[in-house]
Amino acid sequence: MDINDLILVSIDDHVVEPPDMFENHTPAALADVMPRVIVDDQGVDRWMYRGNPVGVTGLNAVVSWPPEEWDHDPAGYAEMRPGVYDVHERVRDMNANGVFASMCFPTYAGFSAGHLAKVKDDITVRIIELYNDWHIEDWCGAYPGRFIPLGILPLWDPQLAVAEIERLASKGCHSVSMPELPHLEGLPSYFDQNYWGPVFSALQDQQTVMNLHIGAGFGALRLAPDAPIDNLMCLAPTVSQITVQDLLWGPAFRSYPGLRVALSEGGIGWIPFFLDRSDRHYTNQKWLRRDFGGKLPSEVFREHVMACYVTDPTALTYRDKVGMDIIAWECDFPHADSLWPDAPEFVLGELNAAGAPDADIDKITWENACRFLGWDPFAHTPREQATVGALRAQATDVDLSIRSRKEWARRYAAQPAG
């Protein structure tokens, strides 16, 4: 595989929502309650919604900062690389990185609308709809074919969630972000079929993928109170394993054969052990009388799950044990794990070291994700224009310099007004 011939589709990136995101999506009746950015008395940019502040975390926007400046403190928009929040600059940064298409998870709204849902009422339902309209029409719609739309849902009421799944599908959005472990957010667990059954049915009927991003379920890890942040960051994929246990051994996968789940940023190295353990348990503990419809748990898992990774060099050497049709690569722009601006070199280096042939490389870098998401990558762009080489040829003027947060702020201040 020549690096210039690679096609990269990232199933997990992030957008730090721009301050003017609701400019074209504010009904007059809601003008006084719309989420907005304020500068607090510490000089920090914060989104506010109904009295609830949400900071823009530093680790959400570190791309092009010196690594020694990365930290967990909130960052202002002026300190960020513009491609973090500006869709036009984002596409230029994608081109420079050879990334053809991207699915972008929310930041201030929360991965599964958790920040907005602190207030559960009809107004928040409408705000969630407006957020999704912005994401589909303004963010993804600005560059058709370069972004895979991802919606959020009002999950405190299953019927409200079903209505939004159906509305999103009518707008061409067939992916939604949901919590890893909803019982940690005060909702019923995924074992509760009475609650989640209508939602799972709607996802199945609308061919909509349920994306479960690491981070929301950290509460499942009862770590030492004085443990450093390293513990959360290194153990995050453990929550993906707990999540899929609930879905595989509960009613979700066995009752809804068309339900599809992406384990966003969950990694792949743990999967062969988990599947071996599950199959052994199922065949050995027959007294439990579990029923997987004549299949092994590992078979059911692979029918439902897309496993996503940023970097997993050892696991790629036993990729067949994971499942060659269920592995998808992700870039994680602009987070601390992001592969920018040398994603093609990094990805191909790992795959070459793992002895992957061209067919496996194509599956992992774009084919599996596009098939699983039901998304045609070449509906708007011919394949020859979607390659790393073609994209980077459009981005020769993109500045790849590493700059401190203060330098970014100075550049921001020097920009002409408007």
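The values are calculated or read from the model by the stated rules, or taken from the named source; none is laboratory data. Since the model is a prediction, treat every value here as computed from it, not as a measurement. Don't worry about glycine lacking a Cβ; one is built from the backbone with ideal geometry, like all the others, and counts go over all protein chains shown. The accessibility values were calculated without ligands, DNA or RNA, using every heavy atom of the protein model including side chains. Shrake-Rupley method; radii C 1.70, N 1.55, O 1.52, S 1.80 Å.
Here are the numbers:
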{"read-out": "Filter result (among the charged types (D, E, K, R) and either open to solvent by less than 10 Å² (accessible area, probe 1.4 Å) or farther than 24 Å from residue 396 by Cβ (or both)) within the stretch 82-101", "value": "90, 93"}
{"read-out": "Filter result (among the polar types (S, T, N, Q) and assigned to a strand (DSSP E or B)) within the stretch 35-57", "value": "52, 57"}
{"read-out": "Evaluation of residue 229 against (1) closer than 23 Å to residue 200 by Cα; (2) touching a residue at least 60 places away in the same chain (Cβ under 8 Å); (3) open to solvent by 50 Å² or more (accessible area, probe 1.4 Å) (one fails), failing number", "value": "(1)"}
{"read-out": "Among the residues listed as 378, 346, the single one being open to solvent by 20 Å² or more (accessible area, probe 1.4 Å), among the hydrophobic types (A, V, I, L, M, F, W, C) and in a helix (DSSP H, G or I)", "value": "346"}
{"read-out": "Residue identified as open to solvent by 10 Å² or more (accessible area, probe 1.4 Å), within 27 Å of residue 218 (Cβ to Cβ), in contact (Cβ under 8 Å) with a residue 40 or more places away in the chain and of a type outside the set (A, V, I, L, M) among 115, 25", "value": "115"}
{"read-out": "Condition met for residue 258 (within 22 Å of residue 371 (Cα to Cα), among the small types (Gly, Ala, Ser) and either open to solvent by less than 10 Å² (accessible area, probe 1.4 Å) or touching a Leu at 6+ places or on another chain (Cβ under 7 Å) (or both))", "value": "no"}
{"read-out": "Where a residue in the stretch 288-315 is under 19 Å from residue 268 (Cα atoms) and in contact (Cβ under 8 Å) with a residue 60 or more places away in the chain and its partner, wherever it lies, is open to solvent by less than 70 Å² (accessible area, probe 1.4 Å) and of a type in the set (Ser, Thr, Tyr), with Cβ under 7 Å and at least six apart", "value": "308/264"}
{"read-out": "Elements of type helices (runs of 4 or more DSSP H) in the stretch 284-332, at least 2 residues being in contact with a Leu (Cβ under 7 Å, 6 or more places away or on another chain)", "value": "297-304"}
{"read-out": "Residue list for the stretch 50-64, filter: open to solvent by less than 40 Å² (accessible area, probe 1.4 Å) and in contact with a helix residue (DSSP H, G or I) (Cβ under 6 Å, 6 or more places away or on another chain)", "value": "61"}
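Table: residues versus (1) touching a Ser or Thr at 6+ places or on another chain (Cβ under 8 Å); (2) more than 24 Å from residue 65 (Cα to Cα); (3) surrounded by fewer than 18 Cβ atoms within 10 Å (Cβ to Cβ).
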| residue | (1), (2), (3) |
| --- | --- |
| 300 | no, yes, no |
| 329 | yes, no, no |
| 335 | no, no, no |
| 356 | no, yes, no |
| 361 | no, yes, no |
